[in-house]
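Structure, as structure tokens:
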There are 2 protein chains.
Amino acid sequence: MRAGTAVMDNLAMRISARADYAVRAALELAAAGEDTSLKAEAIAEAQGIPHKFLEGILGDLRRGGLVISQRGGKGGYRLARPADSIPIADVIRVADGPLVSVRGVRPPDLSYVGPAESLLPLWIAVRANVRKILGEVTLAHVAAAKLPDDVLSLADDPEAWTNP
Amino acid sequence: MRAGTAVMDNLAMRISARADYAVRAALELAAAGEDTSLKAEAIAEAQGIPHKFLEGILGDLRRGGLVISQRGGKGGYRLARPADSIPIADVIRVADGPLVSVRGVRPPDLSYVGPAESLLPLWIAVRANVRKILGEVTLAHVAAAKLPDDVLSLADDPEAWTNP
DNA sequence: TAGATTTCCTATCGATTTACTAGGGAAGTG
DNA sequence: CACTTCCCTAGTAAATCGATAGGAAATCTA
């Protein structure tokens, strides 16, 4: 922990509010069905997300080609593709940039010297693993509460839920 | 990406400079051997880390029980335990707090509603996976450039090194 | 004991990022 | 036209990040 500060919430790897909100909004759209559109306000209320903030995030999802928007009275947002073809990784990347980085640099662009040389393959391995999970699990999986077996088995280990 | 900004380095999951520096410093100590002590300045120079910044990080490692320090002429820092008994995860946690969090909260403390309910087990699975890798790989592994086979095989996939 | 060395502690700093909020314009609907 | 809903730009308070400064405390050598 950083010296001198009492409560440290400074994290090695974190998922931002933006990414979390983006995924939850996309899940609401997935649950609604590919051709039902929902208003930003309705999503915001359902998920407890500040609605003006959510509007910005939905704009990112639209520019990223994940959702389609419609203005006016019967407007709203809907998924651009079937929910089972949209991995969680895509949503996070579109809302928040690259999945994993070290010091703001992506692993392949790092250079290490001396005994730290093997750090690079280690970060790469971590990244590959995160990518594998979040690239495999789709909106449809989560919305239907049916995660793939290999992911479920990871989450089933009781030790995975403990704190430290 | 966030609307309106040109270059986005805003990341879903990142390893901070602090965590990176902490691991690299610990690796220098591991390479030096358990009972050789190194001065902060020497580590800073070897790894290209701002030395006053590093001093603070080494203080965290000391308070976390990972290194032992000695002041004065022949002083410096050395590992408190053999390098093969210190996982990378420990170093990161001591320097930077919990490994993985969502919106600054640790996964078990989150609560989701509706179609987002299965997000929790998903984050838990991601965390379990990161923990598994970083808890398995020790300072000795990295310093000797001999990562465990399962980690190596992850990093060997050429696709793991690609950008997006 | 004096002097040199090196850790240890506190405080501060500028830049960036994060998580939001405000206000109004553009597009579509009845 | 009136109304709705998305769309866009700006701004902002607070936290965090990465780093620096200055000196007190401990330890060693001579």
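The values are calculated or read from the model by the stated rules, or taken from the named source; none is laboratory data. What you see is a predicted model; the values in this text were computed from it and never measured. All Cβ positions, even for glycine, are placed from backbone atoms using ideal geometry, and neighbour counts span all protein chains on display. What goes into the accessible areas is simple: the full protein's heavy atoms, side chains included, and nothing from ligands, DNA or RNA. Shrake-Rupley method; radii C 1.70, N 1.55, O 1.52, S 1.80 Å.
Output the residues belonging to segment B:109-123 that are of a type in the set (Gly, Ala, Ser) and open to solvent by 10 Å² or more (accessible area, probe 1.4 Å).
We begin by selecting, within segment B:109-123, every residue of a type in the set (Gly, Ala, Ser); these are B:111, B:114, B:116, B:118.
B:Ser111, B:Gly114, B:Ser118, listed by residue number.
Out of all the residues in segment B:46-85, which are exposed (fewer than 13 other Cβ atoms within 10 Å of the Cβ) and charged (D, E, K, R)?
Within segment B:46-85, B:Lys52, B:Arg63, B:Arg71, B:Lys74 qualify.
Spot the failing condition for A:Ala31; the list is (1) open to solvent by 60 Å² or more (accessible area, probe 1.4 Å); (2) more than 7 Å from chain B (Cβ to nearest Cβ); (3) at pLDDT 95 or above, and only one is missed.
Checking A:Ala31 against (1) open to solvent by 60 Å² or more (accessible area, probe 1.4 Å); (2) more than 7 Å from chain B (Cβ to nearest Cβ); (3) at pLDDT 95 or above, the one that fails is (2).
Going through B:Gly73, B:Gly56, B:Gly104, B:Gly48 one at a time, which residue ends up being more than 10 Å from chain A (Cβ to nearest Cβ) and small (Gly, Ala, Ser)?
Working: B:Gly56 fails: more than 10 Å from chain A (Cβ to nearest Cβ); B:Gly104 fails: more than 10 Å from chain A (Cβ to nearest Cβ); B:Gly48 fails: more than 10 Å from chain A (Cβ to nearest Cβ).
Just one listed residue meets the conditions, B:Gly73.
Tell me whether segment A:34-42 contains one or more residues that are more than 8 Å from DNA strand D (Cβ to nearest atom), at pLDDT below 95 and either surrounded by fewer than 22 Cβ atoms within 10 Å (Cβ to Cβ) or not aliphatic (A, V, I, L, M) (or both).
Taking segment A:34-42 as the starting set, the residues that turn out to be more than 8 Å from DNA strand D (Cβ to nearest atom) are A:34-36.
Narrowing the set further to residues that are at pLDDT below 95 leaves A:34-35.
If we keep only those that are either surrounded by fewer than 22 Cβ atoms within 10 Å (Cβ to Cβ) or not aliphatic (A, V, I, L, M) (or both) as well, we get A:34-35.
Scanning segment A:34-42 turns up at least one residue that is more than 8 Å from DNA strand D (Cβ to nearest atom), at pLDDT below 95 and either surrounded by fewer than 22 Cβ atoms within 10 Å (Cβ to Cβ) or not aliphatic (A, V, I, L, M) (or both).
Going through segment B:34-45 one residue at a time, which ones are more than 12 Å from chain A (Cβ to nearest Cβ) and out of contact with any Gly (no Cβ under 6 Å at 6 or more places or on another chain)?
B:Glu34, B:Asp35, B:Thr36, B:Ala40, B:Glu41, B:Ala44, listed by residue number.
Residue by residue, here is whether (1) in contact with a strand residue (DSSP E or B) (Cβ under 6 Å, 6 or more places away or on another chain); (2) within 22 Å of B:Pro115 (Cα to Cα); (3) not acidic (Asp, Glu) holds:
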{"site": "A:Leu119", "(1), (2), (3)": "no, no, yes"}
{"site": "A:Ala125", "(1), (2), (3)": "no, no, yes"}
{"site": "A:Ile133", "(1), (2), (3)": "no, yes, yes"}
{"site": "A:Thr138", "(1), (2), (3)": "yes, yes, yes"}
{"site": "A:Ala143", "(1), (2), (3)": "no, yes, yes"}
{"site": "A:Leu147", "(1), (2), (3)": "no, yes, yes"}
{"site": "A:Ala155", "(1), (2), (3)": "no, yes, yes"}
{"site": "A:Pro158", "(1), (2), (3)": "no, no, yes"}
{"site": "A:Thr162", "(1), (2), (3)": "no, no, yes"}
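Can you give me the ranges of the helices (runs of 4 or more DSSP H) entirely in segment A:61-164 with at least 1 residues that are free of Cβ contacts under 8 Å to residues at least 40 places away in the same chain and not small (Gly, Ala, Ser)? Give the derivation first.
Details: elements: A:88-96, A:119-136, A:139-143, A:149-156.
Where helices (runs of 4 or more DSSP H) fall fully within segment A:61-164 and carry at least 1 residues being free of Cβ contacts under 8 Å to residues at least 40 places away in the same chain and not small (Gly, Ala, Ser), they are A:88-96, A:119-136, A:149-156.
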